[in-house]
Amino acid sequence: MFYALPAETVFEAKERTKRATFYLFILLVGLYIIFFNLLLVSGALMLRVWTHSQGPIEIPFLIAVATVFSTVLAVFHFFYARSRSLDDLLEQIGTRPADPKDSYHKPFIDIVGEVEAATGIHGIRVVVLPNNGCNAFSLQDGKGQSAIGATEGLLGKLNRQELSAVVAHEAAHLVHEDSRLVTTACFLFGVFGQINAVLGGMMRATNNTYSYYERRSSARSSNLTGIIVVLWI
């Protein structure tokens, strides 16, 4: 049986989540400002070295331009992440809807239904992650859509009482809106992961190209050496 949390507790938790969201926004802006300032200033210094320019570099002007640009970009990135739908994140992490005909999924679906009645949050999606590990999660987007998920490994190992405790914990995150903060953070910093993956792919491609030309160069050297040896004999 699930009972609703006291209103005072929920209010205080939501206030803490709002403060944490604000701090996350400030952190994002700070990271953007530092990154673009370093990028622009280092680029200007490298350009000066390459061109052998002797003129002064307007460092304060470059910092001001980079700060304004990075701040605008960070604000856009933050609100874009807040506007992303729950479907995007569920697809990104590879979940699938719980199957009512599955003997392990059915109790999970029933428990989430009881949680909906206790919390007043309607339309909670019940999703399953095809993983043998033991984990559970709750997600919530800026449009009020929410989901509670669990791995296949967790559903296969817990009894109903244990699963109820896990679902109650995840439901509390939805009530306190912690899950919305987590969803925003996933969308925000997922971009940096994608950038890292792209840069890593570019570096691997460069290394492969370099290795290819290195092998071709070694082959030419070997052939040339053979020809010289033949001519010498």
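Points worth noting:
- Scan of region 1-26 for residues that are within 23 Å of VAL182 (Cα to Cα), hydrophobic (A, V, I, L, M, F, W, C), open to solvent by less than 90 Å² (accessible area, probe 1.4 Å) and modelled with pLDDT under 75, ordered by number: ALA4, LEU5, ALA7, VAL10, ALA13
- Subset tally (residues that are exposed (fewer than 11 other Cβ atoms within 10 Å of the Cβ) and touching a helix residue (DSSP H, G or I) at 6+ places or on another chain (Cβ under 9 Å)) for region 35-50: 0
- Within region 53-88, the residues that satisfy the criterion of being among the hydrophobic types (A, V, I, L, M, F, W, C) and modelled with pLDDT under 80 are ILE57, ILE59, ALA81.
- Counted residues, region 117-137 - those being buried (at least 17 other Cβ atoms within 10 Å of the Cβ) and part of a helix (DSSP H, G or I): 1
- Looking only at region 85-99, and only at residues there that are open to solvent by less than 60 Å² (accessible area, probe 1.4 Å) and within 13 Å of the chain's Cα centre (by Cα), the one that is farthest from LEU40 (Cα to Cα): LEU90
- Residue match in region 138-151 (condition: within 15 Å of ILE109 (Cβ to Cβ), among the β-branched types (Val, Ile, Thr), in contact with a strand residue (DSSP E or B) (Cβ under 9 Å, 6 or more places away or on another chain) and not in a helix (DSSP H, G or I)): yes
For every residue, the table says whether it meets (1) of a type in the set (A, V, I, L, M, F, W, C); (2) touching a Gly at 6+ places or on another chain (Cβ under 7 Å); (3) more than 27 Å from ARG82 (Cα to Cα).
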| position | (1), (2), (3) |
| --- | --- |
| CYS134 | yes, yes, yes |
| LYS143 | no, no, no |
| ILE148 | yes, no, no |
| LEU158 | yes, no, yes |
| SER164 | no, no, yes |
| GLU170 | no, no, no |
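- Residue check for VAL29: surrounded by 14 or more Cβ atoms within 10 Å (Cβ to Cβ) and at pLDDT below 80: no
The values are calculated or read from the model by the stated rules, or taken from the named source; none is laboratory data. None of these values were measured; they are calculated from a predicted model. As a convention, Cβ positions derive from the backbone with ideal geometry for all residues, glycine included, and neighbour counts pool all protein chains shown. Surface accessibility is based on the protein's heavy atoms, side chains included, excluding ligands, DNA and RNA. Shrake-Rupley method; radii C 1.70, N 1.55, O 1.52, S 1.80 Å.
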